[in-house]
Amino acid sequence: MGTIRKSQLVSILINKKNELLDISKKEMSNFINGTTRESCGSGSEDGDVSVSLHAEDVSIGAGKIRHAMLVQIDNALLKLAEGEYGICDECGEEIDVRRLNALPFALLCRDCQEERETLEQTDRSRNSF
């Protein structure tokens, strides 16, 4: 990988990381200040409380996704530094450049990602009964 491409990737990854951290800071601030609940109503009506709690659940879910993305970004930055960027963590094959362009912090090739998601869905289905 060329030095220019590597520096571009580092820049893209760090910018995405900063963007996610900024969003997370705003969300946390909204939780602390109670802004999330205020935006859904006064809380005096049962519907307001339900909507408020749902909004908080959605924010928490989005926060978990952001956290996972931040971990992936940090791993991608580490792989770039070690010269192992673009290699699938599962099978060891190169990750398609189109996938990396769309998702620069991808740690798995498409096939391994699909297999992992299928296994996770199967596990969730088994655990839901």
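Sub-7 Å Cβ pairs linking a first residue in the stretch 61-73 that is on the phi < 0 side of the Ramachandran plot and in contact (Cβ under 8 Å) with a residue 24 or more places away in the chain to a second residue that is of a type in the set (Gly, Ala, Ser) and surrounded by 13 or more Cβ atoms within 10 Å (Cβ to Cβ), at least 6 apart or interchain, are Gly63/Ser24; Arg66/Ser24, ordered by first then second residue. Of the candidates Lys79, Lys17, Lys25, the single residue that is touching a helix residue (DSSP H, G or I) at 6+ places or on another chain (Cβ under 9 Å), at pLDDT 85 or above and either part of a helix (DSSP H, G or I) or charged (D, E, K, R) (or both) is Lys17. Here Ile60, Ile73 are screened, and the one residue that is in the same structural domain as Leu21 (by TED's automatic domain parsing), surrounded by 15 or more Cβ atoms within 10 Å (Cβ to Cβ) and either closer than 30 Å to Lys25 by Cα or charged (D, E, K, R) (or both) is Ile73. For the stretch 82-102, the tally of residues that are assigned to a loop (DSSP other than H, G, I, E, B) and closer than 17 Å to Lys6 by Cβ stands at 5.
Got at least one residue in the stretch 109-126 being under 16 Å from Leu13 (Cβ atoms) and assigned to a helix (DSSP H, G or I)? The answer is no; no qualifying residue exists.
The values are calculated or read from the model by the stated rules, or taken from the named source; none is laboratory data. Here the structure is a predicted model, which is why all the values come from computation and not from measurement. All Cβ positions, even for glycine, are placed from backbone atoms using ideal geometry, and neighbour counts span all protein chains on display.
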